[in-house]
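S.K.: Below: one structure in structure tokens.
The values are calculated or read from the model by the stated rules, or taken from the named source; none is laboratory data. Since this is a predicted model, take the numbers as computed values, not measurements. Quick reminder, even Gly has a Cβ in these numbers, built from the backbone with ideal geometry, and neighbours come from all protein chains shown.
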Amino acid sequence: MVKKLIIVFMSLIVAICFTGNGFAGELTAQLCKEKAIAAGKLIEQQGEEAFASFKEPEGEFRFGNGAGYVWVQDLDAKMLMHPIKPSLDGKSLSGVKDTNGVLFFVAFNETAEENGAGWVGYLWPKPGEKGTSPKVSYVVLANHGDKDYVVGSGIYDVTADDIKKQFPNDFIYED
């Protein structure tokens, strides 16, 4: 009896660990949206102190089997925190275009500023690949003190049309 209780208890602990940080499970557009919203709320509470949580490799803001993450930029399209490519931190990305000419970092800001939140579709190379793939990111505007932040999370191989079907009431940026 005690042995069974220990096994059940340990199983519950393992399950809680995996569901608590979101690392287990498939990356989905819904999960990207949820994590961007949660990260925005954390920034509103903690300001830039929240960035440490976003960088934790095994934390709740690394999700979808490790493929999902959140980044933070300012309204000038300067990257403030990117957990996968920290070399982008502090750089202006306002001139970065996809292969169709979409200035998507600017589009992130326009979407967040004008709508509070929404989706932006663009083309971008998957990690380790040279060619581009469709990607869509959910962005949300967050404020702490007198500073505004744009928090986002994205997923590959999902298009704006896919998002329209799944989230018909969400704003979708279209260039």
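S.K.: Lys97: of a type in the set (Lys, Arg) and closer than 22 Å to Gly66 by Cα, yes or no?
M.R.: no
S.K.: Is one or more of the residues making up segment 73-90 hydroxyl-bearing (Ser, Thr, Tyr) and touching a helix residue (DSSP H, G or I) at 6+ places or on another chain (Cβ under 9 Å)?
M.R.: no
S.K.: Tally time: how many residues in segment 117-171 are out of contact with any Lys or Arg (no Cβ under 6 Å at 6 or more places or on another chain) and touching a residue at least 40 places away in the same chain (Cβ under 8 Å)?
M.R.: So the answer is 30.
S.K.: Follow-up question, since we're still on this one. Anything in segment 57-99 that is closer than 17 Å to Glu110 by Cα, of a type in the set (S, T, N, Q) and in contact (Cβ under 8 Å) with a residue 40 or more places away in the chain? List them, or say none.
M.R.: Selection gives Gln73 alone.
S.K.: Any residue in segment 92-105 that is closer than 17 Å to Ala36 by Cβ and buried (at least 21 other Cβ atoms within 10 Å of the Cβ)?
M.R.: yes
S.K.: Which one is nearest to the chain's Cα centre (by Cα), of the residues in segment 122-157 that are small (Gly, Ala, Ser) and more than 21 Å from Ala38 (Cα to Cα)?
M.R.: Going through the qualifying residues, I end up with Ser133.
S.K.: Provide a single number: the residues in segment 86-105 that are under 17 Å from the mean Cα position of the chain (by Cα) and farther than 16 Å from Val151 by Cβ.
M.R.: 1
S.K.: Condition (residue is modelled with pLDDT of 50 or more, closer than 24 Å to Lys135 by Cα and either surrounded by 12 or more Cβ atoms within 10 Å (Cβ to Cβ) or hydrophobic (A, V, I, L, M, F, W, C) (or both)) applied to segment 42-52: is it met by at least one residue?
M.R.: Yes, segment 42-52 contains a residue that is modelled with pLDDT of 50 or more, closer than 24 Å to Lys135 by Cα and either surrounded by 12 or more Cβ atoms within 10 Å (Cβ to Cβ) or hydrophobic (A, V, I, L, M, F, W, C) (or both).
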